[in-house]
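These notes are about the structure you will find just below.
The values are calculated or read from the model by the stated rules, or taken from the named source; none is laboratory data. Computed from a predicted structure; not experimentally measured. All Cβ positions, glycine included, derive from the backbone under ideal geometry; neighbour counts span all protein chains shown.
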Amino acid sequence: MTSDTAPLMEGTPLIKPSSTDHALYEPICEACRTVHDPEIPVNIFDLGLIYTVTIDEASNVDILMSLTAPGCPVAGEMPGWVEDAVSAVPGVQSVTVSLIWEPQWGMDMMSDEARLELGFM
């Protein structure tokens, strides 16, 4: 078996951890909350579409995100919306946003606020 097909080690997170201890993490999350899926009246952060926010020592930001479905009509535009929002955060040097499909987004990734707003609680 090659490393490309090796199963995940037990305890390996499905989603890469974020740089939650970085001073820019919370302002970046707030910037992500300004981006909305036009079809759903909830911001993409609370929807659980932002999987990972990685911030290096030079304040370069890498974001891994998904969409509610691969056929989402704004799939080509939404990463740019996130990049624009996060680029406006004071102190951020650069932003790279990548769409990923694994793990697949599910309703269980939504915050309680999003579930309440959409009537799921």
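Residues in segment 94-105 that are at pLDDT below 95 and surrounded by fewer than 14 Cβ atoms within 10 Å (Cβ to Cβ): TRP101, GLU102, PRO103, GLN104.
The requirement of being among the hydroxyl-bearing types (Ser, Thr, Tyr) and not in a helix (DSSP H, G or I) is fulfilled somewhere in segment 79-97, by at least one residue.
Selection of segment 20-54 for residues being more than 29 Å from GLY119 (Cα to Cα) and in contact with an Asp or Glu (Cβ under 8 Å, 6 or more places away or on another chain) yields only THR54.
Filter segment 70-105 down to the residues that are without any contact (Cβ under 8 Å) to a residue 24 or more places away in the chain and more than 13 Å from the chain's Cα centre (by Cα) and list them by number. Answer for segment 70-105, where residues must be without any contact (Cβ under 8 Å) to a residue 24 or more places away in the chain and more than 13 Å from the chain's Cα centre (by Cα): GLY71, GLY76, GLU77, ASP84, SER87. If you scan segment 52-93, which residues turn out to be in contact with a Cys (Cβ under 9 Å, 6 or more places away or on another chain) and at pLDDT below 95? Of everything in segment 52-93, just one residue is in contact with a Cys (Cβ under 9 Å, 6 or more places away or on another chain) and at pLDDT below 95, namely MET78. Consider segment 18-42 and keep the residues that are in a loop (DSSP other than H, G, I, E, B), more than 19 Å from CYS72 (Cβ to Cβ) and touching a strand residue (DSSP E or B) at 6+ places or on another chain (Cβ under 7 Å). The one that is modelled with the lowest pLDDT is SER19. Restricting the first member to segment 25-54 and to residues that are without any contact (Cβ under 8 Å) to a residue 24 or more places away in the chain, and the second to residues that are hydroxyl-bearing (Ser, Thr, Tyr) and surrounded by fewer than 20 Cβ atoms within 10 Å (Cβ to Cβ), no beta-carbon pair is closer than 6 Å while six or more apart or on different chains. Scan segment 100-120 residue by residue and report those that are farther than 16 Å from GLU39 by Cβ and touching a helix residue (DSSP H, G or I) at 6+ places or on another chain (Cβ under 6 Å). Once the filter is applied, which keeps residues that are farther than 16 Å from GLU39 by Cβ and touching a helix residue (DSSP H, G or I) at 6+ places or on another chain (Cβ under 6 Å), segment 100-120 yields SER111, GLU113.
Exactly one residue among ALA69, ALA75, ALA88, ALA58 is among the hydrophobic types (A, V, I, L, M, F, W, C), in contact with a helix residue (DSSP H, G or I) (Cβ under 8 Å, 6 or more places away or on another chain) and on the phi < 0 side of the Ramachandran plot, and that residue is ALA88.
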